[in-house]
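What follows is a set of notes on a single structure, which appears directly below.
The values are calculated or read from the model by the stated rules, or taken from the named source; none is laboratory data. Since we're looking at a predicted model, the values are computed, not measured. Note that each Cβ is placed from the backbone with ideal geometry, even for glycine, and that neighbours are counted across all protein chains shown. Please note that ligands, DNA and RNA were not included when accessible areas were found on the heavy atoms of the full protein model with its side chains. Shrake-Rupley method; radii C 1.70, N 1.55, O 1.52, S 1.80 Å.
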Amino acid sequence: MRVVKTINALREEITAVKRKQQSIGFVPTMGYLHEGHMSLIEEARRQHDIVVLSIFVNPLQFGPNEDLERYPRDFVRDENIAKELGVDLLFYPDTKEMYPADPSMTIHVTEGVNVLCGKSRPGHFDGVTTVVMKLFMLVQPDQAYFGQKDAQQVAIITNMVDMFNIPVEVIPCPTVREEDGLAKSSRNVYLTDEERQEAPLIYQVLTQARSLIKEGELSPSEIVQFVKKELNSLQHAKMDYVELLTYPKLMPVTEKDKTILLAVAYIFKHARLIDNIIVSKGE
Ligand code: AMP
């Protein structure tokens, strides 16, 4: 595995790969790798000649009061994991390399951002799409792998690829969970023992709601009320949002909609956790 820290070095590597007409699978991350990231890398490994992993904690997608400085980092551990999983190229730029000056332009997302994380993290998806666009231009992958845990991110990046006719296929991958159902996240390390103990309730309630959605007896607002009521018993977290939307359009749900996203965010003392399920009615 080669580790490259500069754009010039990355370009040289990618040019060589393209010359050999090898296919590229790309996994963009912010590092502190866990089994969720690993599942994306493994999928890319199965599908492609060359696997490129990027690790970059992107300041553009953090709000002024968010956890940019405290975001967990462990490059040596990440490097070993990447090597073991058969990554060919690890792109690990610093902030100056990606943004030598304050960005003079960014992508501004106008659809699908007035809901879920877009609503509570203004500007977040402008930052995400801007860095992903830059990474797509640099890595020029055939396919890029994203976790369904960040369902809004998958929807918006898919939209970006369509909007700008980017020749990259976005591959959504299922959420990887702890044995007790908690979605794996780099931020889980911030949970206190007590918070960690009650956090699996989030997925338990989502699973109960899945059955209710499939049964079709309750209206969308009744489903949302059910989830809010059940998760009200979290002692150490307060609700950010509970929303039921169409997927991937992220619009209000009507009777006719078949594919539905139920997504939640809860704020613990030092970690904001998100999770979701996508339910196909009538299956
Ligand atoms: P991050 O490092 O948090 O930016 O995540 C990098 C990629 O890993 C994103 O596409 C995430 O959606 C994905 N990811 C994060 N957690 C999980 C998980 N538990 N299961 C599957 N994919 C995940």
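Just a few scattered comments:
- Structure-based [θ]222 nm, the chain - -39500 (n - 2.57) summed over DSSP H runs of at least 4, per residue, nearest 500: -11500 deg cm²/dmol
- In this structure the amide hydrogen of F56, modeled in the peptide plane, comes within under 5 Å of the amide hydrogens of T29, M30, G31, none closer than 5 places in sequence on its chain.
- Separation between Cα centres of segment 187-230 and segment 67-139, rounded to whole Å: 28 Å
- Pairs spanning more than 18 Å between alpha-carbon atoms, out of K214/K258; K249/K281; K5/K83; K5/K96; K229/K269; K149/K258: K229/K269; K149/K258.
- Cβ-defined net charge surrounding K249, 14 Å radius [Lys, Arg +1; Asp, Glu -1]: -2
- Antiparallel DSSP beta bridges within segment 130-283, as percent of all bridges there, nearest 5: 80 percent
- Positive minus negative residues near G147 (Lys, Arg vs Asp, Glu; Cβ under 12 Å): -1
- Cross-link partners of K238 among aspartates and glutamates (Cα-Cα below 16 Å; sequence separation of 8 or more within a chain): E194, E195, E198, E230, D275
- Taking every DSSP beta bridge that has both ends in the chain, the antiparallel portion is near 50%.
- Partner aspartates and glutamates for K18 [C-alpha distance under 18 Å; skip if fewer than 8 residues away on the same chain]: D49, D88, D142, E169
- Counting all C-alpha pairs of the chain, share separated by more than 27 Å (%): 41 percent
- Here the dipole of segment 141-214 is about 220 debye; that uses its Cα centre as origin and unit charges on the Cβ of Lys and Arg (positive) and Asp and Glu (negative).
- Every Cα-Cα pair of segment 1-156 was included, and the share exceeding 18 Å stands at 59 percent.
- Long-range amide H partners of V170 with built H, under 5 Å: A144
- Taking amide H atoms as placed 1.01 Å from N in the peptide plane, the amide H of Y241 lies under 5 Å from those of A265, each 5 or more residues away in sequence or on another chain.
- Sorted peptide list for 70-80, 19-29, criterion being average Cβ within 10 angstrom, highest first: 19-29, 70-80
- Pair N8, K119: separation of 7 Å Cα→Cβ label points (nm): 4.8 nm
- Think of a 1.4 Å ball rolled over the protein heavy atoms: segment 29-124 then has 52 Å² of accessible area per residue.
- In sequence order, segment 53-67 has phi-based couplings of 10, 10, 10, 7, 7, 7, x, 4, 9, 9, x, x, 9, 9, 9 Hz under the Karplus curve 6.51 cos²θ - 1.76 cosθ + 1.60, θ = phi - 60°, and Gly or Pro positions carry x.
- Segment 45-84 shape via C-alpha gyration tensor axes, a/c threshold 1.5: oblate
- Assigned charges on the beta-carbon of Lys, Arg, Asp, Glu; the chain dipole about Cα centre (debye): 440 debye
- Charge tally in the Cβ shell below 11 Å around V87, where Lys, Arg are +1 and Asp, Glu are -1, V87 excluded: -2
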